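The structure under discussion appears below in the form of structure tokens.
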Amino acid sequence: KFFGEKANLTVLREGSELELEIPSLYPEVPLVPVHLFNKPVPGPSYFIVAGLVFTVLSEPLLESEFGADWEHKAPVEMVKSAIQSR
């Protein structure tokens, strides 16, 4: 799809198909925050499937989504997973 076009999605949730429509696509924020650590290849690690972006759960990602107080604002399971991967 191109920016400004609508997107129709069929999502499988709890065994039922759900039809969704995104009225217009605009790049308001980056899909994946850029984390530059001590990596051989700098930049984000992500995988795109059918327009969905999957990335590794990390503390910088949680901070970018939930703010500096992410340990208290993010869902418990996400915090637990991020902290255990330290």
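The values are calculated or read from the model by the stated rules, or taken from the named source; none is laboratory data. Values in this document were obtained by computation on a predicted structure and should not be read as measured data. When we count neighbours, we look across all protein chains shown, and the Cβ atoms used for this are built from the backbone with ideal geometry, even at glycine. Each accessible area value is taken on the protein alone, full model and side chains, heavy atoms only, with ligands, DNA and RNA left out. Shrake-Rupley method; radii C 1.70, N 1.55, O 1.52, S 1.80 Å.
Quick notes on this structure:
- Neighbours by Cβ (under 7 Å, 6+ apart or cross-chain): first from region 6-21, over 13 Å from LEU52 (Cα atoms); second among the β-branched types (Val, Ile, Thr) and assigned to a strand (DSSP E or B): LYS6/ILE22; GLU17/THR10; LEU18/VAL11; GLU19/THR10; LEU20/VAL11
- Selection over region 66-86 of residues that are assigned to a helix (DSSP H, G or I), open to solvent by 80 Å² or more (accessible area, probe 1.4 Å) and at pLDDT below 90 gives a count of 1.
Table: residues versus (1) modelled with pLDDT of 90 or more; (2) closer than 18 Å to ALA82 by Cβ; (3) among the aromatic types (Phe, Trp, Tyr); (4) more than 12 Å from the chain's Cα centre (by Cα).
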site: PHE2; (1), (2), (3), (4): no, no, yes, yes
site: GLU5; (1), (2), (3), (4): no, no, no, yes
site: THR10; (1), (2), (3), (4): yes, no, no, yes
site: LEU20; (1), (2), (3), (4): yes, no, no, yes
site: HIS35; (1), (2), (3), (4): no, yes, no, yes
site: PRO44; (1), (2), (3), (4): no, yes, no, no
site: THR55; (1), (2), (3), (4): no, yes, no, no
